[in-house]
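Participant: For reference, the structure I am asking about is given below.
All of the numbers you see were taken from the coordinates with simple rules; none came from a lab. From a predicted model like this one, the values you see are computed outputs, not experimental measurements. Ideal geometry is used to build each Cβ from the backbone, glycine not excepted, and the neighbour counts take in all protein chains shown.
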Amino acid sequence: MSSAGLTLRDKKCHIGMDKVTYLGHEFLAAGMEPEKQKVTVVQEWETPKDVTDLRSFLGLVSYYRRHISNFADIENVREHSVILAICAHYCI
């Protein structure tokens with residue numbers, strides 16, 4: 001590797017690990033899955049009360065959309081239902 005100009009740092013290089021956690025995902029021999037701590041955060045997230053809260057929540061779960069089946073359908077239903085509820089409350 002040194003002939004290619006590459007170097008490894010002992011503190012950063014871990015070889016032969018069963019699991020690597022990186023950017024909210026766990027990489028295993030069987031594949032990739034969301035980090036368990038992040039799943040708990042999503043499950044315990046408070047119900048959005050306005051459009052800003054909804055966008056914050058959707059931003060978080062959008063990062064894990066590949067792990068949520070029919071995510072686009074769920075996202076559309078939630079966004080429209082909250083917008084309709086807000087309009088019903090504040091609009092004339």
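Participant: Per residue of region 14-22, in order, report the coupling 6.51 cos²θ - 1.76 cosθ + 1.60 (Karplus, θ = phi - 60°) as ³J(HN,Hα) in whole Hz, putting x for Gly and Pro.
Facilitator: Ordered by residue, 3J(HN,Hα) equals 10, 10, x, 7, 7, 9, 10, 9, 8 Hz.
Participant: Starting with the highest mean, order 44-50, 7-13, 33-39 by the number of other Cβ atoms within 10 Å, averaged over the residues of each peptide.
Facilitator: 33-39, 44-50, 7-13
Participant: May I ask you to order 14-20, 63-69 by the average number of other C-beta atoms within 10 Å around their residues, highest value first?
Facilitator: 63-69, 14-20
Participant: Once the piece of chain linking GLU26 and ASN70 is laid out straight, how much longer is it, given 0.36 nm per residue of separation minus the C-alpha distance between them?
Facilitator: Taking GLU26 through ASN70 to full extension adds about 13.6 nm, to one decimal.
Participant: Here's something else I'd like to know. Once amide H atoms are placed 1.01 Å from N in the peptide plane, what residues at a sequence separation of 5 or more from HIS25, or on another chain, have their amide H within under 5 Å of its amide H?
Facilitator: Under 5 Å from the amide H of HIS25: GLU35.
Participant: Using a Cα-Cα cut-off of under 22 Å, which lysines could be cross-linked to LYS11, ignoring same-chain neighbours fewer than 8 residues away?
Facilitator: The qualifying lysines are LYS19.
Participant: On a straight-distance basis, which lysines could pair with LYS12 in a cross-link, Cα separation under 28 angstrom, same-chain partners fewer than 8 positions away excluded?
Facilitator: LYS12 reaches LYS36, LYS38.
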